[in-house]
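Shown next, in structure tokens, is the structure this report addresses.
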Amino acid sequence: MFAKLLVIPVSADPEQAVMRRARQCAADATEIEVFDVAYEPLLEGYFGNQAVYEPLRNRVLAERRERAEALAESLAAPGRKTSGRAVWDHPLHRVVADEVRATGADLVIAAPQRGPAGALTHGDWQLVLTCPAPVLVVRSDGAD
């Protein structure tokens, strides 16, 4: 089994596909980090004035952090360390690669971004190609 999983959620649902796959891949001693990456270019600033949107960015990030922590709690088991974290940054593939290097995760579990007709997007491929750990791209609900 894996020593540390890095799970990239797409919603607050503890039964979303990435969470089900994390449960399937984790042993009791596996450490699991739910890592949410938030970014919205429209909240970066107005004519170079970043302070205008800072309270809104902070609120969005706080909500995503709470969501990640709640999702991490849903993966708790005896002997298992779980944590939830959220950051404001982009692009996703670089942020995830940096987190893998910083934490030593040995598997990333992520859902594909929404591409046309279910196809993997450029961002999905960038994540797979640049991540220093294997990436499990979850396309099914994990029930089968």
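The values are calculated or read from the model by the stated rules, or taken from the named source; none is laboratory data. Everything quoted here is computed from the prediction, not taken from an experiment. Note that we place each Cβ from the backbone using ideal geometry, even for glycine, and neighbour counts take in every protein chain shown. When the accessible area is computed, the model is the full protein with side chains, heavy atoms only, and any ligands, DNA or RNA have been set aside. Shrake-Rupley method; radii C 1.70, N 1.55, O 1.52, S 1.80 Å.
Does T30 satisfy being among the polar types (S, T, N, Q) and open to solvent by less than 30 Å² (accessible area, probe 1.4 Å)? Here the answer is yes, as T30 does meet what is asked.
For beta carbons closer than 9 Å, sequence separation of 6+ or different chains, a first residue in segment 48-74 that is over 16 Å from V87 (Cβ atoms) and a second that is aromatic (F, W, Y) and open to solvent by 70 Å² or more (accessible area, probe 1.4 Å), the qualifying pairs are V52/Y46; Y53/Y46. Residue count for segment 3-15 satisfying the condition of being buried (at least 18 other Cβ atoms within 10 Å of the Cβ) and either part of a helix (DSSP H, G or I) or modelled with pLDDT under 95 (or both): 0.
Scanning segment 101-111 for residues that are more than 11 Å from the chain's Cα centre (by Cα) and either open to solvent by less than 70 Å² (accessible area, probe 1.4 Å) or within 17 Å of S11 (Cβ to Cβ) (or both) yields T103, G104, A105, D106, L107. Checked against the criterion of being touching a residue at least 24 places away in the same chain (Cβ under 8 Å), under 12 Å from F35 (Cα atoms) and part of a loop (DSSP other than H, G, I, E, B), segment 95-108 contains one or more residues that satisfy it.
Looking only at segment 35-69, count every residue that is hydrophobic (A, V, I, L, M, F, W, C), open to solvent by 50 Å² or more (accessible area, probe 1.4 Å) and closer than 23 Å to R114 by Cβ and tell me the total. Adding up the residues that qualify gives 1. Of the numbered criteria (1) under 20 Å from K4 (Cβ atoms); (2) of a type in the set (A, V, I, L, M); (3) touching a strand residue (DSSP E or B) at 6+ places or on another chain (Cβ under 6 Å), the one A77 fails is (3). If the condition is being of a type in the set (G, A, S) and either over 8 Å from H93 (Cα atoms) or in contact with a Ser or Thr (Cβ under 9 Å, 6 or more places away or on another chain) (or both), then segment 115-129 contributes G115, A117, G118, A119.
Checked against the criterion of being in contact with a helix residue (DSSP H, G or I) (Cβ under 8 Å, 6 or more places away or on another chain) and among the acidic types (D, E), segment 74-92 has at least one qualifying residue.
Residue-wise test of (1) under 10 Å from the mean Cα position of the chain (by Cα); (2) farther than 17 Å from L136 by Cα.
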{"residue": "P9", "(1), (2)": "yes, no"}
{"residue": "A12", "(1), (2)": "no, yes"}
{"residue": "A27", "(1), (2)": "no, no"}
{"residue": "Y39", "(1), (2)": "no, yes"}
{"residue": "G45", "(1), (2)": "no, yes"}
{"residue": "P55", "(1), (2)": "no, yes"}
{"residue": "T82", "(1), (2)": "no, yes"}
{"residue": "A86", "(1), (2)": "yes, yes"}
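Checked against the criteria, V96 counts as surrounded by 12 or more Cβ atoms within 10 Å (Cβ to Cβ), in contact with a Phe, Trp or Tyr (Cβ under 8 Å, 6 or more places away or on another chain) and modelled with pLDDT of 95 or more.
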